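> Handing you this structure, nothing more for now.
The values are calculated or read from the model by the stated rules, or taken from the named source; none is laboratory data. Being a predicted model, the structure only gives us computed values, none of them experimental. No Cβ is skipped: glycine too gets one built from the backbone with ideal geometry, and neighbour counts run over all protein chains shown. Heavy atoms of the whole protein, side chains included, go into the accessibility calculation; ligands, DNA and RNA do not. Shrake-Rupley method; radii C 1.70, N 1.55, O 1.52, S 1.80 Å.
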Amino acid sequence: MNHPFRRISTPEYIIIATSSVIFLSLTLFYLIDLRNFLGLRDILWNANPAPYYFTYRPFFFHHYGKNAGIAEILQWTLLAVTAGISFYQAGKYHLKDKVLNRFFLLFAISITWMLVEDAGDVRQTIMSYVQAAAGENDQGLFGTLFEGVYFVAIAVLPLFALYKARYSLRKIPRALGYLSIGLALRYLAGGLSFIGTAFDLLIDQNLYTQWGQQLILLSYRIGDSALQPLWESWNLVNWNYPIGFFLLDSLIEENIELLGNAFFLAGIMYLLKIVQRKNSDSIELE
């Protein structure tokens, strides 16, 4: 009798491990930020910020999901490994299989672009110059239009890679499913990021702040009695770091991106697993 865990291979372990990290982050957010488990919230709030080379803020979710924080380092690792494998396979199949070569090359370029964007905030840098040229002090019409076009461009390339190899990938539905789920999650994260901040000009408050307020209310209900006065006093003073906004940005959005990147790597790994297992004549992608 086959043990059920023997059916789990490297792609599934990648998804399971990443899901476990996400579950752990949410658990620690609840225990530390909301319940002050073992006094850990007090330790964060009383820590000396001077040793840190980044702007210190006394929240677990900040340390987890800030720029270049734990979540982003894991995201970059998954993207870098996926891009490296894809570039290598593109070279390997350069003369053997045109469809595989084209798919891996396009997908590698897509993942590399995502990695550069995630690590370097290229979109925000370019958008800053667009806003300066348009005379917008904050994200206005031209900044929003540029951001929308940029998001569409970065989203089209991996979708195009899947489209070009669609007939071949249908022969390996699990790989296609993993890659499609990865794209859907990345589109969800990107869509939330765009919609969440795109309407400052129209409603004078971004939607991330409004949605985040609902997370704050939920946190008050499940947190301890000291949580509400603590967070309200913070929001009164630290206008540049509203808790509601960054709950969406640092905890929810980053975890969605992390899971999406895991599905990318799992999809590529499963595709290679099947390609290497099959006879080249029976799996040849046309």
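> Placing +1 on the Cβ of each Lys and Arg and -1 on the Cβ of each Asp and Glu in region 67-148, which of Ala119, Gln131, Gly69 has its Cα farthest towards the positive end of the resulting dipole?
Ala119
> What number of lysine-lysine pairs in the chain show an alpha-carbon separation below 28 angstrom, given a sequence spacing of 8 or more or placement on distinct chains?
16
> Report the Cα centroid-to-centroid distance between region 207-275 and region 113-152 in angstrom, as an integer.
Cα centroid to Cα centroid, the span is 22 Å.
> Further question on the same structure: Would you please put 160-172, 234-246 in order of how densely packed they are, using the mean number of other Cβ atoms within 10 angstrom per residue and starting with the highest? If you can, show how the numbers build up before the last one.
Details: 160-172: 16.1, 234-246: 14.2.
Descending packing order for the listed peptides: 160-172, 234-246.
> Out of these labelled values of Cα Rg over 2.2 N^0.38 Å, (i) 1.31; (ii) 1.07; (iii) 1.14, which was calculated from the coordinates shown here?
Derived directly from the coordinates: (iii).
> Right, another one. Nearest 500 deg cm²/dmol is fine: what mean residue ellipticity at 222 nm does the chain get from its DSSP H runs of n ≥ 4 alone, each adding -39,500 (n - 2.57), divided by its residue count?
Using -39500 (n - 2.57) per qualifying helix, the result is -23500 deg cm²/dmol.
> Something else: Please state the shape class of region 51-205: rounded when a/c is under 1.5, otherwise prolate if a/b exceeds b/c and oblate if not, all from the C-alpha gyration tensor. Before the final figure, lay out the partial values.
Working: a/c = 2.25, a/b = 1.63, b/c = 1.38.
It comes out prolate by the Cα gyration axes.
> How high is the relative contact order of the chain? Use alpha-carbon pairs under 8 Å, at least six apart in sequence, and give a whole percent.
Numbers: 310 pairs, mean separation 77.9, N = 286.
Relative CO of the chain lands at 27 percent.
> Using a 1.4 Å probe, what is the accessible area per residue for the chain, in Å²?
On the way: 15170 Å² over 286 residues.
With all protein chains present, the chain gives 53 Å² per residue.
> So, one more: Expressed as a whole percentage, what fraction of the accessible surface of the chain belongs to carbon and sulfur atoms when a 1.4 Å probe is rolled over the protein heavy atoms? The partial results should precede the final answer.
On the way: 9780 of 15170 Å².
Whole-percent figure for carbon plus sulfur exposure: 64.
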